[in-house]
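Worksheet for the structure shown next.
The values are calculated or read from the model by the stated rules, or taken from the named source; none is laboratory data. All of these numbers come straight from a predicted model, not from anything done at the bench. Heads up, the Cβs are rebuilt from the backbone with ideal geometry, glycines too, and the neighbour counts pull from every protein chain shown.
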Ligand SMILES: *Cc1c(COP(=O)(O)O)cnc(C)c1O
């Protein structure tokens, strides 16, 4: 008999589901409400309290929450939305759902987040051309906060609104406050996809401190329908009105119960990720690569651990060979991100290679190493040993 040893695959990200999570979901399944019940507001209140925000609106994904955020900020045809090219496509697509024109601002070489200096320069040019953005989506790449104070200063000067796409960053901190507190952003969005910090399967949430924005997002999440007492008084208790075109972007109660149960372990998860990130920094010292930059103003939630290969490695054996060696060895490496403007659907809009050179250079040399709370030290040692071999 032939036996082959297939190495167990170490994924780059993975959810952590425990007995208490299953019990919480099962309790909802036994209850009267699978959706539109009490679990969703409970989860919203818990996330808002944890992050120091006044309001939270749950949605069936962060993509939906970003769309709700853009709609509530009245983004529409003729308006401009700017974001970073170093993100998942959803950070840009939300502008296009509203019919707005999407454009990008290059990233900072160290933080890999939207560069406030590049933003300032582009705003000055756009101001002269009469094409200032209505919304800027700042993405906390890998869980590391953007320079939100600098972005807010520019927002106040040029009159745009700020959406913080914190899909990677729940549990992180900026200037000693939780991400989501909304000191600088008008709306902050989290994702609860299974690879993110906490999960609801699919799911997202928009946080803000403005009751009118929160009410508007909640209404748009459910078809643009209003059923408050004042409206019902005229006709009767069955009555509702669609006052504008909305969507069905609701989160279910099963998802909210899972999220609430996961939220109790948020600090534990971020601490585990931080410990592993520190350990990677230590284990990778001396190799021909750059480990992630550390920001003294912010504590990353460590969604991703991204390395940057040095020029010599790019020349030989090349990023692709290193990546393929790791994948063949059962290491579930990934690449974050292919610059959004290089996607065919964005090139069709006129974007081209060379438009955002810092993001493109970063993309050409990056690999995402496995990082999640279930990653054991032994697994991490195996990742590093294989990486060493690939680089040799
Ligand atoms: C994952 C992600 C999203 C989309 O999240 P979903 O919940 O899958 O819709 C948006 N922006 C960024 C930066 C992400 O990483």
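Which of the residues belonging to the range 348-376 are farther than 26 Å from residue 313 by Cα and either touching a helix residue (DSSP H, G or I) at 6+ places or on another chain (Cβ under 6 Å) or in contact (Cβ under 8 Å) with a residue 60 or more places away in the chain (or both)?
Scanning the range 348-376 gives 349, 351, 372, 373, 374, 375.
Looking at residue 209, is it in contact with a strand residue (DSSP E or B) (Cβ under 8 Å, 6 or more places away or on another chain), within 12 Å of the ligand (Cβ to nearest atom) and either at pLDDT 95 or above or within 30 Å of residue 41 (Cα to Cα) (or both)?
Answer is no for this residue.
Conditions tested, residue by residue: (1) farther than 30 Å from residue 149 by Cα; (2) over 23 Å from the mean Cα position of the chain (by Cα); (3) touching a residue at least 24 places away in the same chain (Cβ under 8 Å).
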{"residue": "192", "(1), (2), (3)": "no, no, yes"}
{"residue": "199", "(1), (2), (3)": "no, no, yes"}
{"residue": "204", "(1), (2), (3)": "no, no, yes"}
{"residue": "221", "(1), (2), (3)": "no, no, yes"}
{"residue": "231", "(1), (2), (3)": "yes, yes, no"}
{"residue": "234", "(1), (2), (3)": "yes, yes, no"}
{"residue": "250", "(1), (2), (3)": "yes, no, yes"}
{"residue": "271", "(1), (2), (3)": "no, no, no"}
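Here are some residues: 171, 246. Which one is touching a residue at least 24 places away in the same chain (Cβ under 8 Å), within 23 Å of residue 46 (Cα to Cα) and either surrounded by 15 or more Cβ atoms within 10 Å (Cβ to Cβ) or within 24 Å of the chain's Cα centre (by Cα) (or both)?
Answer to the selection: 171.
Which is out of contact with any strand residue (DSSP E or B) (no Cβ under 7 Å at 6 or more places or on another chain) and more than 22 Å from residue 358 (Cα to Cα), of 169, 118, 100?
Sole residue among the options that is out of contact with any strand residue (DSSP E or B) (no Cβ under 7 Å at 6 or more places or on another chain) and more than 22 Å from residue 358 (Cα to Cα): 169.
Go over the candidates 230, 234, 301, 285 one by one and state the one that is away from the ligand (no atom under 16 Å from the Cβ) and at pLDDT 95 or above.
285
Of the residues 276, 263, which is under 21 Å from the mean Cα position of the chain (by Cα), modelled with pLDDT of 95 or more and under 26 Å from residue 57 (Cβ atoms)?
Criteria check complete, one pass: 263.
To keep it simple, each residue is scored yes or no on (1) over 17 Å from the mean Cα position of the chain (by Cα); (2) surrounded by 24 or more Cβ atoms within 10 Å (Cβ to Cβ).
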| position | (1), (2) |
| --- | --- |
| 61 | no, no |
| 68 | no, yes |
| 76 | yes, no |
| 83 | no, yes |
| 88 | no, no |
| 124 | yes, no |
| 140 | no, yes |
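Kindly state which helices (runs of 4 or more DSSP H) lie completely within the range 310-392 and contain at least 3 residues that are within 30 Å of residue 94 (Cβ to Cβ) and at pLDDT 95 or above.
344-347, 357-365
Among the listed residues 56, 24, which satisfies the condition of being closer than 27 Å to residue 173 by Cβ, within 16 Å of the ligand (Cβ to nearest atom) and crowded, with 17+ Cβ neighbours inside 10 Å?
Step by step, each of 56, 24 is checked, and only 56 is closer than 27 Å to residue 173 by Cβ, within 16 Å of the ligand (Cβ to nearest atom) and crowded, with 17+ Cβ neighbours inside 10 Å.
Identify the residue in the range 174-190 that is in contact (Cβ under 8 Å) with a residue 60 or more places away in the chain and within 23 Å of residue 117 (Cα to Cα) and, among all such residues, is farthest from the ligand (Cβ to nearest atom).
My answer is 175.
Consider the range 109-142. How many of its residues are touching a helix residue (DSSP H, G or I) at 6+ places or on another chain (Cβ under 8 Å) and within 16 Å of the ligand (Cβ to nearest atom)?
Selection size over the range 109-142: 9.
Scan 274, 294 and give me the residue that is within 21 Å of residue 197 (Cβ to Cβ) and in a helix (DSSP H, G or I).
Only one candidate passes the filter, namely 274.
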